[in-house]
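The values are calculated or read from the model by the stated rules, or taken from the named source; none is laboratory data. Nothing here was measured: the structure is a model prediction, and the numbers come from that model. Note that each Cβ is placed from the backbone with ideal geometry, even for glycine, and that neighbours are counted across all protein chains shown. The protein model used for the area step is the full one, side chains on, heavy atoms only, and it has no ligands, DNA or RNA in it. Shrake-Rupley method; radii C 1.70, N 1.55, O 1.52, S 1.80 Å.
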Amino acid sequence: MPMIRVEMYKGRTAEQKRALAKELTEAFVRAGGSTPESVQIVFTDVDQGDWANGGILASDRAAAPAKA
């Protein structure tokens, strides 16, 4: 039973998650040779303040003025 975990910033709608679940399932079935019913997907919504890249919180990057 394959498990796909998707971590992303909060803010996606249920419609967007449905579309993503459908696309990920279809891709796994094609590439991994599984059945749609066996593919499990878990979405984890993360606040930007709980996500860092390169030592900088995503919330700090979002608040910073754009560089020219």
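Please enumerate the residues belonging to the range 26-60 that are in a helix (DSSP H, G or I), without any contact (Cβ under 8 Å) to a residue 12 or more places away in the chain and either among the hydroxyl-bearing types (S, T, Y) or surrounded by 11 or more Cβ atoms within 10 Å (Cβ to Cβ) (or both).
E26, A27, V29, G49, D50, D60
When both residues are 6+ apart or on different chains and their Cβ atoms are under 6 Å apart, which pairs have a first residue that lies in the range 1-25 and is at negative phi and open to solvent by less than 100 Å² (accessible area, probe 1.4 Å), and a second that is not in a helix (DSSP H, G or I) and not β-branched (V, I, T)?
P2/S34; M3/Q40; V6/F43; K17/F43
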